[in-house]
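Data block below; observations after.
The values are calculated or read from the model by the stated rules, or taken from the named source; none is laboratory data. This one's a predicted model, so the numbers in the text were calculated from it and none came from an experiment. All Cβ positions, even for glycine, are placed from backbone atoms using ideal geometry, and neighbour counts span all protein chains on display. For accessibility, only protein heavy atoms count, side chains too; no ligands or nucleic acids. Shrake-Rupley method; radii C 1.70, N 1.55, O 1.52, S 1.80 Å.
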Amino acid sequence: MRPTVKPIKTRFLLIGSGIAAVTLAERLLRKDPHTEIILLEAGKTYLSKDRRKWWDYVITGKAAYAEGEDDPDPKVLKRDFDVDSNAKWDCNNNRVLAHGGSTLHWGGWSLRLKPEDFHLFENTGRGANWPFGYETLNAYYYLAEHRLAVCGDVSESWNHFRTALLNPDKSPRRAAQPYPLPPFAWTAADGEMIEAFRKLGIEPGRLPIARYRKCMATGTCKYCPIGARYTAQDALDELCPHLLSNNSAKPAEECAHPYPNLYLLTESPAIRIVMDKRRAIGVDYLDAQHQITGRIEADTVVVCAGAYESPKLLLQSTSDFWPDGVGNQHAQVGHYLVSHSILRAAGETLGNEECWIQEYDFPTLMSRTYDTPEYQRHGKLFLFKNRKYPHLSFPDAMIGGSAKHRIEKDLREKRKMEVQAFLEEKGKYENYVGLGTGRTSKLLPNTKIVFHRTDAETADALSRLELLKRIILEMKYKILECEVDRPGGHHATGTCRMSVLPETGVVDADLRVHGADNLFVCSNAVMPTGAAVNPTLTLAALSLRLGDYLLGQPPPKLEELNDLSAEVPQ
Amino acid sequence: MANAFPDDPALGHEKPPAEKPLSGLYLSEPGNLEPAELESLWEVFLQIGRTWSNVVNDSAGQRSSWLEFVQLRCLQEPSYLKTYRNALSVVRETVDQKGLVDAYRFLLVNPELSKETKEAKDIDTALKHAKFYVINEFIRVQIVAGGFRGFGGRNHAYNYNGFLRGTRYNRVQRVRTYRPAKDGRTK
Ligand SMILES: Cc1cc2nc3c(=O)[nH]c(=O)nc-3n(C[C@H](O)[C@H](O)[C@H](O)COP(=O)(O)OP(=O)(O)OC[C@H]3O[C@@H](n4cnc5c(N)ncnc54)[C@H](O)[C@@H]3O)c2cc1C
Ligand code: SF4
C-alpha cells in the first residue's frame, strides 16, 4: 500500500456504520445539523430495496449483501477465525461488514433488558454488574423503541404499568410508555403452543419487533423489498451523507444534504487509532479501492465496529504509551466474551387437517416468564416459537415433480413445531476475542476466539432444556430433537465491557475508554452482560445516551417526553 | 450443519435451490425480449397453474408479478435474455416431439428430470438449463405471487414468504390468526 492521502479533519469520527454509529450520528445531528461527523466503514454498499435483488433473494435465498458477511466457505472461515472452543463456537453469519452493518440481516426483535440484568453479579456472584441501573436507560429505551418503530404489547405482565407500580424491580417498562405500534397478532399455528404455555403457567407474549415502515408481511425480511424493517443503511441514507468513496449505484448528488458536514467513507477499514498519550488524535485507515492509507483527525473518536472488531481495533492500536493496545493496561480488552446459548426442542404430531404453515417469516409468540430474577442464578431463558414451523415448501415439492394430490397429502399428514430459547450466559475472563494472524479478504485482521463452557454451565443448559421439552410434551407432540445449539457471535457482548474500575473493564459508564480522554466505544461490546434477550434495542438506547453525553446534554426525563408517535416513520 | 440463528430472518424453510444458482447462466447483454417471445414465455408460466390447478383465472392474478420478474431479469445484470431464449427453444422442441400435454408433463411433473437438476453443477444440457433456471424459478414466482393459496383447500394459508400482501400495517388480517375456540381447540 502506498501512503497516503491528506488527513481529513472532523469533530466526531465514528468507526463503523451499523446501528450504533448511525443512531449516535442521528443524536449528534439533532442538536446542530452542521455538526461535523465522518463515519468510516470497512465494508461496501449493497443496495437496499432493489426489486431485482429482492427477486434474486426470493428465488435463490441469497441476499444482496451476502458478500459482506464473513465468507461461509469452511476453509475460509477456518482461516479468518482461529477458534478454540469446547462448545464449537460458530463464526458463520455472525455479522455483516457493510454500509449499514449487521442490521442488514437482523430480525428486528427488539426487547428491553430487565432491571435485574443490570445487577447480575450482585444477584448471582457471577458475571458482572452494569455501572448503572435500569433507570439510567429507561427514557432512552423509550426513544429507541420509537426510532426503530417497535410493534409491541404493553398488556403483558412484564410490561404492564401495574407491575411497574406494584413491583418496579420486575418490570422493564414504566407507566406511560406505550409501544409506538401495535403488536403482530399470534398466528393460528401459534395456538397449540400458546395453550401449552398457559397450562404450564408460562405467560404467552407477542414478540416486539422493529417495523420501520408499512410492513406488507412478505416475510422476506432478510432483504425487505420496501425497507419496512429498520436497517442502519436506510436510516443513514435518509440523513443523506456525502459519500467520500463507495461502490454504490445510488446517486449521492441527488441528496439535498440537510446535514452538510456528514460524511460516509466506505471500503476503508480503520487499522489503528492514533493516540498522543491519553488523547486520540485520529485514525489511520486503508482505502481498499485506491490502495492507499489515509488518516482522519478528530476531536472525538468513537469505535462502533461491533463486538469482534471494536476490541481488535483497540488491540491493534499500540504505542509506547499503550504497549498492549489502547485501554488494555489491565489486560481487559477482548475478554468476557458472552454469547447466548440457544436451546431448542422440536416435536411432531400426526395430522395437519388445519393445513397450518408458518405464514410470517418472523415469530409472533414468545415468553419472558423464565426471564426473571429467580432464574438468574442458573441462567434466565427467553422463550419463543421457531418461526419456521409448521412448514411445507410448496415450490420445493413442485420442483421435485410432486403432483397436487401428493402435496396436499403431505401437507395434511403431520406437522412439526419447535420451541426455542436464548439462555443467558455469564462473562468469564478466559472467553476472549483477539487478533489472529493475517488479514481477511476484507482487509480486517483475522480473529482469535476462545470460548469454553464449564461443566456446570453445560449442566445448567441441559436442565433448562427440560423446560422446553415439557412444552412440546404438553402439546402432545412426540419429541423429535432436543439440543443446546452451538454458541456464536450473533449477540456477542462483553468484549469491551463497562466497569467502574479500569481493572475490571475497558470503558467507563460513559463509554469512554479507561485512561483515554476522547476515545469511546459504542457497541454490544460494552455490555457487561448479555441477559436473555437480543441486544440491539439496548445498543440503540446506549447510542442515544452517548450522543447526549458527548454534547453535554442532560438525559431526557421520561415524564417530559411527549407523545413520540409523530416520530414513528410511516 | 448448524441451524440458522433464530432471529436470522433468512427464508428459513425455503432452502436455496443451489449453491451458486446464477453462475451457470448463458451470458448476454441486458435487453428486452420480443413481445412474441414474452408471450411464449408466459405460456410456460400458465402451464404451471394449469398443471397444479393452484390458481384461479388462468394465472391472471400472477401476471404482473411475473412480468416484473422477467423484465428485471432481462434488463439487469446478470441478464437472463439468452437463458430465456434457450428455454423457449427447449420448450418448442419438446412440444414438437411429444405434443403439448406430454411435453409439459415431461417438463413439469417429472421426478427423473427433477433429480437430475437439483444443483447448478448438474446442469450440462440445454434442457436441464431450461428446467433449472427458468421453469423452477417460475414455479417459485408462481407460489409467492399467490399460488400458495391453491394448497390446503378451504384451510389455505393467507400469507406465504415472499407474498406481498399489499395492505397497510397490522390492521388488516394478513395471516390466519389464533382464535381460541370455545371447546379449547384452536380454530
Ligand atoms: C443473523 C442475525 C440476526 C440478528 N437479529 C437480531 C434481532 O432480531 N434483534 C437484535 O436485537 N439483534 C439481532 N442481531 C444482532 C444485531 O445485528 C447487532 O446487535 C447489531 O447489528 C450490532 O450493531 P453495531 O452497530 O454494533 O455493529 P454492526 O452492525 O456489526 O456494525 C459494525 C460496522 O463496523 C464496521 N467495521 C468493523 N471493523 C471496522 C474497522 N476496522 N474499520 C471500519 N469499519 C469497521 C463493519 O463493517 C460494520 O459495518 C442479529 C445478528 C445476526 C447475526
Ligand atoms: S415482512 Fe415486512 S419487514 Fe419483512 S420483508 Fe416483508 S415488508 Fe419487509
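Numerical summary
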{"item": "Scan of region A:423-455 for residues that are touching a Gly at 6+ places or on another chain (Cβ under 7 Å), open to solvent by less than 20 Å² (accessible area, probe 1.4 Å) and within 15 Å of residue A:339 (Cβ to Cβ), ordered by number", "result": "A:423, A:424, A:426, A:427, A:433, A:447"}
{"item": "Residue within region A:124-137 that is within 16 Å of ligand 1 (Cβ to nearest atom), touching a residue at least 12 places away in the same chain (Cβ under 8 Å) and open to solvent by less than 20 Å² (accessible area, probe 1.4 Å) present", "result": "yes"}
{"item": "Failed item, numbered, when residue A:330 is tested on (1) more than 16 Å from ligand 1 (Cβ to nearest atom); (2) touching a strand residue (DSSP E or B) at 6+ places or on another chain (Cβ under 8 Å); (3) within 25 Å of residue A:426 (Cβ to Cβ)", "result": "(2)"}
{"item": "All positions within region A:526-539 that are away from chain B (no Cβ under 14 Å), in a helix (DSSP H, G or I) and either within 16 Å of residue A:424 (Cα to Cα) or within 16 Å of ligand 2 (Cβ to nearest atom) (or both)", "result": "A:538"}
{"item": "Which listed residue is of a type in the set (Asp, Glu), in contact (Cβ under 8 Å) with a residue 60 or more places away in the chain and surrounded by fewer than 23 Cβ atoms within 10 Å (Cβ to Cβ), from A:374, A:297, A:309, A:353", "result": "A:297"}
{"item": "Residues of region A:456-503 that turn out to be open to solvent by less than 20 Å² (accessible area, probe 1.4 Å) and either part of a helix (DSSP H, G or I) or among the aliphatic types (A, V, I, L, M) (or both), as a count", "result": "8"}
{"item": "Qualifying residue in region A:104-125 (condition: within 16 Å of ligand 2 (Cβ to nearest atom), closer than 23 Å to residue A:16 by Cβ, assigned to a helix (DSSP H, G or I) and within 14 Å of another protein chain (Cβ to nearest Cβ))", "result": "yes"}
{"item": "Residue among A:425, A:374 that is out of contact with any strand residue (DSSP E or B) (no Cβ under 6 Å at 6 or more places or on another chain) and not hydrophobic (A, V, I, L, M, F, W, C)", "result": "A:374"}
{"item": "Residues satisfying the stated conditions in region A:175-205, i.e. of a type outside the set (S, T, N, Q), within 11 Å of chain B (Cβ to nearest Cβ) and part of a strand (DSSP E or B)", "result": "A:181"}
{"item": "Which listed residue is buried (at least 21 other Cβ atoms within 10 Å of the Cβ) and without any contact (Cβ under 8 Å) to a residue 24 or more places away in the chain, from A:390, A:363, A:395", "result": "A:395"}
{"item": "Selected residue (criterion: farthest from residue A:462 (Cα to Cα)) from residues of region A:406-422 that are more than 10 Å from chain B (Cβ to nearest Cβ) and open to solvent by 10 Å² or more (accessible area, probe 1.4 Å)", "result": "A:409"}
{"item": "Qualifying strands (runs of 3 or more DSSP E) (wholly inside region A:211-314; at least 1 residues being at pLDDT 90 or above and in contact with a helix residue (DSSP H, G or I) (Cβ under 9 Å, 6 or more places away or on another chain))", "result": "A:262-265, A:270-276, A:279-287, A:292-303"}
{"item": "Residue in region A:381-393 that is under 30 Å from residue B:110 (Cβ atoms) and either basic (Lys, Arg) or within 16 Å of ligand 1 (Cβ to nearest atom) (or both) present", "result": "yes"}
{"item": "Those residues of region B:129-149 which are over 8 Å from the mean Cα position of the chain (by Cα), open to solvent by less than 10 Å² (accessible area, probe 1.4 Å) and more than 17 Å from residue B:73 (Cα to Cα), in sequence order", "result": "B:146, B:147, B:148"}
{"item": "Region A:216-235 residues that are at the interface with another protein chain (Cβ under 8 Å from one of its Cβ atoms), paired with ones that are part of a loop (DSSP other than H, G, I, E, B) and basic (Lys, Arg) (beta carbon under 6 Å, 6 or more apart)", "result": "A:216/B:165; A:217/B:165; A:217/B:174; A:221/A:229"}
{"item": "Region A:349-366, residues that are within 16 Å of ligand 1 (Cβ to nearest atom) and assigned to a loop (DSSP other than H, G, I, E, B)", "result": "A:360, A:361, A:362, A:363, A:364"}
{"item": "Index of the failed condition, residue A:220 passing every other in (1) more than 12 Å from ligand 1 (Cβ to nearest atom); (2) touching a strand residue (DSSP E or B) at 6+ places or on another chain (Cβ under 7 Å); (3) polar (S, T, N, Q)", "result": "(2)"}
{"item": "Residue in region B:108-127 that is touching a residue at least 40 places away in the same chain (Cβ under 8 Å), polar (S, T, N, Q) and part of a helix (DSSP H, G or I) present", "result": "no"}
{"item": "Pairs where the first residue, in region A:494-522, is at pLDDT 95 or above and the second is among the small types (Gly, Ala, Ser) and part of a strand (DSSP E or B), C-beta under 7 Å, 6+ apart", "result": "A:516/A:280; A:518/A:280; A:519/A:280"}
{"item": "Some residue of region A:148-163 being within 16 Å of ligand 2 (Cβ to nearest atom), surrounded by 22 or more Cβ atoms within 10 Å (Cβ to Cβ) and in a helix (DSSP H, G or I)", "result": "yes"}
{"item": "Any hit, region A:43-55, residues being in a strand (DSSP E or B), open to solvent by 30 Å² or more (accessible area, probe 1.4 Å) and at negative phi", "result": "yes"}
{"item": "Region A:206-215: number of residues that are away from ligand 1 (no atom under 14 Å from the Cβ) and either crowded, with 20+ Cβ neighbours inside 10 Å or at the interface with chain B (Cβ under 9 Å from one of its Cβ atoms) (or both)", "result": "3"}
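The rows are residues; the columns are (1) open to solvent by less than 60 Å² (accessible area, probe 1.4 Å); (2) modelled with pLDDT under 95; (3) more than 9 Å from every other protein chain (Cβ to nearest Cβ).
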| position | (1), (2), (3) |
| --- | --- |
| B:27 | no, yes, yes |
| B:32 | no, no, yes |
| B:35 | no, no, yes |
| B:49 | yes, no, yes |
| B:67 | yes, no, yes |
| B:71 | no, no, yes |
| B:92 | no, no, yes |
| B:98 | no, no, yes |
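A quick yes/no check of all residues on (1) within 14 Å of chain B (Cβ to nearest Cβ); (2) within 16 Å of ligand 2 (Cβ to nearest atom); (3) over 17 Å from residue A:288 (Cβ atoms):
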residue	(1), (2), (3)
A:17	no, no, no
A:42	no, no, no
A:54	yes, yes, yes
A:61	yes, yes, yes
A:75	no, no, yes
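To keep it simple, each residue is scored yes or no on (1) of a type in the set (A, V, I, L, M); (2) within 19 Å of residue A:521 (Cβ to Cβ).
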position: A:196; (1), (2): yes, no
position: A:228; (1), (2): yes, no
position: A:256; (1), (2): yes, no
position: A:259; (1), (2): no, no
position: A:263; (1), (2): no, no
position: A:279; (1), (2): no, yes
position: A:285; (1), (2): no, yes
position: A:295; (1), (2): no, no
position: A:306; (1), (2): no, yes
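Rundown of residues vs (1) assigned to a strand (DSSP E or B); (2) open to solvent by 10 Å² or more (accessible area, probe 1.4 Å), yes/no style:
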| site | (1), (2) |
| --- | --- |
| A:23 | no, no |
| A:27 | no, yes |
| A:57 | no, no |
| A:79 | no, yes |
| A:82 | yes, yes |
